[in-house]
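These notes are about the structure you will find just below.
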Amino acid sequence: MLKGKRILLGIAGGIAAYKAAMLARLLVRAGADVRVAMTEAATRLVTPVTFQALSNQPVWSDLWDQRVPDAMGHIELSRDRELIVVAPASADFMAKVAHGLADDLLSTLCVARRCPLMLAPAMNVEMWENAATQRNLGVLRDDGVLIEGPVAGDQACGETGYGRMLEPAQIAAGIEAFFAPKRLAGKRVLVTAGPTEEPIDPVRVLTNASSGKMGYAVARAAQEAGAEVTLVSGPVSLATPAGVARIDVRTAQEMFEAVKKRAPSSDVFISVAAVADYKAKNPSTQKIKKANGRPVTLELEENPDILAYVAGMKNGPFCVGFAAESEKLDQHAKEKRATKNLPLLAANLVQDALGADTNSIVLYDDRGEHPLGTGAKLELARKLVEHVAGMLPQKK
Ligand code: PMT
């Protein structure tokens, strides 16, 4: 996939710079033409000689480098590139790119670029969660910059939380996905994600622990594969993947309405949302008072089954269901696929999947079962999308 691809690998000043050496190695081994540019801070963490040896090319870090014939390093070094990847991208570097600052070679290359830019953030958890960093992240996403990670975990500073750079192999997978053939080009994909909230009274709801991560990963993977993606999302606190149209809903009924409206014009429907099966029959308009020790009964009624409705549509989209099970995955998944009449079903265990960054998925279709293995949700989503693309009728 990466053979001959012209990539500029930028390295900003973060301790994760040492992992960039492995990334450079993976990209070169996959056949990519890798040119490396480092910030001055990065050169203090890992020597440029390491990257020179790994990339077989000179390494660049000085805006005034006299090796560039016309002294226009910021133009020369990026014009023939198909992608710039900055890994690690520090909080400072993200801030610079978000605001168009260009005070060293790498930031100038990014501002002067014609090709897409991908950043793999890496920083301390507090720096990641800082309001300014989150604001800059939003600006970068709106500007179409591709963001890979970060993930939560142990950090070099001894703290734990979000801000850890993705592993080099995961960044390389993101780069491969960028260059992969657009197998869903021209297709409209409708995805649901997250939980729904069913009101009991003005302050209480029936809901579940879905974070939306799996559904958002599926939406992103479909967009990467070239599809026009609409994401109908329950209440979650996740950023919309770049290039995806998002519709926010709260209840299962609202999700149903949003899906019903868009399903007829969709080619594929992927139902990842953890839709509440039941809602309160008569939600109270006023806050329900404590019953002084007496038992309280809540009468429930069934919500519409959104996936079953779409799967039953005449000339409807190709339907992919998810099955979230706590036991007997194989048995329940097969039953669910048959009951809902689905060409494809992705089964996972709630204890692996709910709220986590990783998951384990098995696909079920007419040909049998296809384990996708265990991995980051985005990795699995890419495999799922690949499988879906292979099942769609090919244009003559
Ligand atoms: O959001 P995360 O924290 O990342 O967690 C991911 C996940 C566990 C929510 C996800 O991977 C998953 O399994 N989603 C399906 C959850 C679910 O509701 O499963 P189910 O077995 O109850 O439903 C089967 C299918 O019918 C699902 O595709 C569901 O979207 C759909 N459904 C269910 C009920 C309903 N009323 N309408 C529906 O469309």
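Could you check the range 288-315 and list, in sequence order, the residues that are under 29 Å from the mean Cα position of the chain (by Cα) and free of Cβ contacts under 8 Å to residues at least 60 places away in the same chain?
Correct list: Pro304, Asp305, Leu307, Ala308, Tyr309, Val310, Ala311.
Please work out if Thr285 is among the β-branched types (Val, Ile, Thr), assigned to a loop (DSSP other than H, G, I, E, B), more than 24 Å from the chain's Cα centre (by Cα) and surrounded by fewer than 24 Cβ atoms within 10 Å (Cβ to Cβ). It would help to see each step written out before you state the result.
Details: among the β-branched types (Val, Ile, Thr): yes; assigned to a loop (DSSP other than H, G, I, E, B): yes; more than 24 Å from the chain's Cα centre (by Cα): yes; surrounded by fewer than 24 Cβ atoms within 10 Å (Cβ to Cβ): yes.
Yes, satisfied.
For the range 264-282, enumerate the residues that are within 23 Å of Ala381 (Cβ to Cβ), more than 12 Å from the ligand (Cβ to nearest atom) and crowded, with 16+ Cβ neighbours inside 10 Å.
Correct list: Ser266, Asp267, Val268.
How many residues, within the range 321-338, are more than 8 Å from the ligand (Cβ to nearest atom), under 18 Å from Ile270 (Cβ atoms) and of a type outside the set (Lys, Arg)?
1
Starting from residues that are near the ligand (Cβ under 9 Å from one of its atoms) and outside any helix (DSSP H, G or I), keep the ones in the range 304-318 and report whichever is least open to solvent (accessible area, probe 1.4 Å).
Pro304
From the set of residues in the range 157-171 that are of a type outside the set (S, T, N, Q) and open to solvent by less than 60 Å² (accessible area, probe 1.4 Å), which is nearest to Ala112 (Cα to Cα)?
Of everything passing the filter in the range 157-171, Ile171 is nearest to Ala112 (Cα to Cα).
Condition check: outside the structural domain of Leu119 (by TED's automatic domain parsing), over 9 Å from the mean Cα position of the chain (by Cα) and either open to solvent by 10 Å² or more (accessible area, probe 1.4 Å) or within 12 Å of the ligand (Cβ to nearest atom) (or both). Does Val236 satisfy that?
Yes, satisfied.
Of all residues in the range 218-233, count the ones that are open to solvent by 40 Å² or more (accessible area, probe 1.4 Å) and more than 16 Å from the ligand (Cβ to nearest atom).
Within the range 218-233, residues that are open to solvent by 40 Å² or more (accessible area, probe 1.4 Å) and more than 16 Å from the ligand (Cβ to nearest atom) number 2.
If we scan the range 196-217, do we find a residue that is away from the ligand (no atom under 16 Å from the Cβ), crowded, with 21+ Cβ neighbours inside 10 Å, within 15 Å of the chain's Cα centre (by Cα) and touching a residue at least 40 places away in the same chain (Cβ under 8 Å)?
Checked the range 196-217: no residue is away from the ligand (no atom under 16 Å from the Cβ), crowded, with 21+ Cβ neighbours inside 10 Å, within 15 Å of the chain's Cα centre (by Cα) and touching a residue at least 40 places away in the same chain (Cβ under 8 Å).
Out of Gly390, Gly368, report the one residue that is within 21 Å of Ala225 (Cα to Cα) and out of contact with any Leu (no Cβ under 6 Å at 6 or more places or on another chain).
Unique residue meeting the criteria: Gly390.
Find all pairs meeting these conditions: Cβ atoms under 7 angstrom apart; at least six residues apart or on different chains; first residue within the range 256-279 and under 15 Å from Gly194 (Cα atoms) and hydroxyl-bearing (Ser, Thr, Tyr); second residue part of a helix (DSSP H, G or I) and within 13 Å of the ligand (Cβ to nearest atom).
Sorted first by the residue in the range 256-279, then by its partner, the pairs are Ser271/Ile306; Ser271/Leu307.
The values are calculated or read from the model by the stated rules, or taken from the named source; none is laboratory data. Source: prediction; values computed, not measured. Cβ coordinates were reconstructed from backbone atoms using ideal geometry, including for glycine residues, and neighbour counts include every protein chain displayed. Heads up: the accessible areas ignore ligands, DNA and RNA and are worked out on the full protein's heavy atoms, side chains in. Shrake-Rupley method; radii C 1.70, N 1.55, O 1.52, S 1.80 Å.
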